[in-house]
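What follows is one structure encoded as structure tokens, with my remarks underneath.
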Amino acid sequence: MNYLIQGATVLTMDAATGATPLTRSIRIIDGEITAVAATLDAQPGETVLDGRDRLVVPGYVNAHTHSWEALFRARLDNLPLEHWMLLSYPVLGLAPLAPDLIRLRSQLVAIESLRNGVTTLVDDVLEIPGQTEDQLAAVFEAYRDIGIRANVSGHVMDRPFVEHFPFLADALEPGLRRELDALAVVADDEYLSYARSSAQRYADYAQGRLRFMVGPSAPQRCSPELLAEIDGLAAEFDLEFHIHVLETRTQAVTGAEFYGKTMVEYLHSLGVLSERVTMAHGIWMTDSDIDVLVDTGASVSHNPISNLKLGSGIAPWRRYLDAGVNLGIGTDGMSSSDTARMSEAVKAAALLHKVTGPDYRQWPTAAEVLTAGTLGGARSARLGDTVGSIEVGKRADLVFYDMNSLAFTPRNNPELHLVYSENGSSIDMVMVDGRIVLQDNTLTTIDERAVLAELQARGPELRSWQDRLESLNRALLPAFDRQYAAVMDRRTSMDRYSGRGECWLN
């Protein structure tokens, strides 16, 4: 269907006008934006959408999330990342999840995302103990049917679990060490064959809305050989290379202990950094690390809510922007942040960095965080020419906000309302690829109530499953406490940076 949006208040988020509110009309033909102008006359066959009292913006791009965690929302609190992962990504006693459960959890993430104005997901899908073709297909099919845009990974680790952490081997009791050493790891050739076939299978899936991406978990969890091979695959198919880097102090110490250099320096020495790379988190960065990102064109996905909940630290937002690093914003998973709502992550990014220094001229602006939440995320996802702004030639991934709502009353600066006041409650319509997927508070593509009802009905079964896994994996927590204490005793070259999580008000 072809549309003409007439006379809306628009934030184009393009290079020319950014987050400056403008009155614009937008023509959409076959899902593509073909005209953006102060006025446009309706053409035969167009459906006219009245833009009066509507704010139209490009949909948010969630630049880092994990749909696995949708089943673990609101279960854990007050744990640092490494401890939290033991319980939310249990390594002991976990059998592969059935595709029907993967379908449900993916639908849950997509439903919450669309309802909050998120039109693109970068879903770093981690299945334990390993991802099968049927499991990956369940994610793609769920996102295809609901109508969202996404990059979906085959997340991979090929190093034994104990080797992911410094000081852990000596902290483990012998029996637990034997259990961990017995865990299977992915063979590099098997993963590369799987990733290649997945890249081919999903190269133009759902009319190009959905793409496969490679997801090497983190430098310390993957062998250098695997990282190099994945980089070659990403280059061959122009895939996003999505990797966790320097999320915690433990990982900063790991770089020094394992490689004698920072994680970024290590990755750079392997020759795997390029504009295809998105580093999730990037908290414990040195100035020289940031220089490497600038030189290689790698992006960073900032995940403020997750970083706060897990006590990981505060990413160097202003140093990134001043240096010219491309920034996206992500929610991370629904266990480490308990939300898939990008409005919360955008607001957190706008607020968090105001306490990292007294110079208010350096604090994030609404335009900066909105750019990161839209165009910056699109660029990090290798979609910068496709979505992220309202421009001729881009796909129509648009969100319409009713400015007669509470969040926009009294009506002042639309971009400030959007960042600081709006929580999704004002959304009137969501369009992905020129198709209306949410209208009149109802998803048009799937039966939302049926999805939620099925998950609620399976709640007792899921909680029993999770309780059993938690009980098994909590046996590892004392060893992780000892490992954590050893990490805290180490000083690193990052200690003088804001990654410590300190703020100037202290």
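The single condition among (1) at pLDDT 95 or above; (2) within 28 Å of M429 (Cα to Cα); (3) open to solvent by 70 Å² or more (accessible area, probe 1.4 Å) that S193 does not meet is (2).
Of the residues that make up the range 28-50, is at least one of a type in the set (S, T, N, Q), open to solvent by less than 10 Å² (accessible area, probe 1.4 Å) and either out of contact with any helix residue (DSSP H, G or I) (no Cβ under 8 Å at 6 or more places or on another chain) or more than 18 Å from D428 (Cα to Cα) (or both)? It would help to see each step written out before you state the result.
Going through the range 28-50, the residues of a type in the set (S, T, N, Q) turn out to be 34, 39, 43, 47.
Checking the rest, the ones that are also open to solvent by less than 10 Å² (accessible area, probe 1.4 Å) come to none.
Looking through the range 28-50, none of the residues is of a type in the set (S, T, N, Q), open to solvent by less than 10 Å² (accessible area, probe 1.4 Å) and either out of contact with any helix residue (DSSP H, G or I) (no Cβ under 8 Å at 6 or more places or on another chain) or more than 18 Å from D428 (Cα to Cα) (or both).
Are any residues in the range 96-151 open to solvent by less than 10 Å² (accessible area, probe 1.4 Å) and either without any contact (Cβ under 8 Å) to a residue 12 or more places away in the chain or acidic (D, E) (or both), and if so, which ones? Listed by number, the residues that qualify are D123, D124, E127. Kindly provide the set of residues from the range 171-196 that are outside any loop (DSSP other than H, G, I, E, B) and in contact (Cβ under 8 Å) with a residue 12 or more places away in the chain, ordered by number. Answer for the range 171-196, where residues must be outside any loop (DSSP other than H, G, I, E, B) and in contact (Cβ under 8 Å) with a residue 12 or more places away in the chain: A171, L176, R177, E179, L180, D181, D188, Y191, L192, Y194, A195, R196. Condition check for R474 on (1) on the phi < 0 side of the Ramachandran plot; (2) buried (at least 16 other Cβ atoms within 10 Å of the Cβ); (3) at pLDDT 95 or above: one failure, at (2).
Filtered by the rule that a residue be open to solvent by 30 Å² or more (accessible area, probe 1.4 Å) and touching a strand residue (DSSP E or B) at 6+ places or on another chain (Cβ under 8 Å), the range 430-439 gives D433, Q439. Are any of the residues in the range 193-206 farther than 30 Å from D433 by Cβ and not polar (S, T, N, Q)? Within the range 193-206, not a single residue is farther than 30 Å from D433 by Cβ and not polar (S, T, N, Q). Against the definition (hydrophobic (A, V, I, L, M, F, W, C) and surrounded by fewer than 24 Cβ atoms within 10 Å (Cβ to Cβ)), how does A199 come out, yes or no? Criteria met by A199.
Only one of the numbered conditions (1) closer than 30 Å to T445 by Cα; (2) touching a Ser or Thr at 6+ places or on another chain (Cβ under 6 Å); (3) not hydrophobic (A, V, I, L, M, F, W, C) is violated by P166, and that is (1).
Let's see how each residue does on (1) closer than 17 Å to A218 by Cα; (2) modelled with pLDDT of 95 or more; (3) not β-branched (V, I, T):
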{"position": "A256", "(1), (2), (3)": "yes, no, yes"}
{"position": "I283", "(1), (2), (3)": "yes, yes, no"}
{"position": "T296", "(1), (2), (3)": "no, yes, no"}
{"position": "G313", "(1), (2), (3)": "no, yes, yes"}
{"position": "R318", "(1), (2), (3)": "no, yes, yes"}
{"position": "N326", "(1), (2), (3)": "no, yes, yes"}
{"position": "T339", "(1), (2), (3)": "no, yes, no"}
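Within the range 224-260, the residues that satisfy the criterion of being in contact with a Lys or Arg (Cβ under 9 Å, 6 or more places away or on another chain) and closer than 28 Å to L383 by Cα are L226, D231, L233, A234, A235, E236, F237, D238, L239, E240, F241, H244.
Name the residue, out of A252, A235, A256, that is in a helix (DSSP H, G or I), open to solvent by less than 10 Å² (accessible area, probe 1.4 Å) and not charged (D, E, K, R).
On the way: A235 fails: open to solvent by less than 10 Å² (accessible area, probe 1.4 Å); A256 fails: open to solvent by less than 10 Å² (accessible area, probe 1.4 Å).
Among A252, A235, A256, only A252 is in a helix (DSSP H, G or I), open to solvent by less than 10 Å² (accessible area, probe 1.4 Å) and not charged (D, E, K, R).
Can you name the residue in the range 152-170 that is part of a loop (DSSP other than H, G, I, E, B) and not acidic (D, E) and is also surrounded by the fewest Cβ atoms within 10 Å (Cβ to Cβ) among such residues?
P160
Within the range 402-420, residues that are part of a loop (DSSP other than H, G, I, E, B) reach partners that are among the basic types (K, R) and open to solvent by 20 Å² or more (accessible area, probe 1.4 Å) with beta carbons closer than 8 Å, at six or more positions or on different chains, in the pairs M403/R54; M403/R411. Only one entry in A70, A8 is aliphatic (A, V, I, L, M) and more than 22 Å from T371 (Cα to Cα), namely A70.
The values are calculated or read from the model by the stated rules, or taken from the named source; none is laboratory data. All of these numbers come straight from a predicted model, not from anything done at the bench. In this analysis, Cβ positions are derived from the backbone assuming ideal geometry, glycine residues included, and neighbour counts consider all displayed protein chains. The protein model used for the area step is the full one, side chains on, heavy atoms only, and it has no ligands, DNA or RNA in it. Shrake-Rupley method; radii C 1.70, N 1.55, O 1.52, S 1.80 Å.
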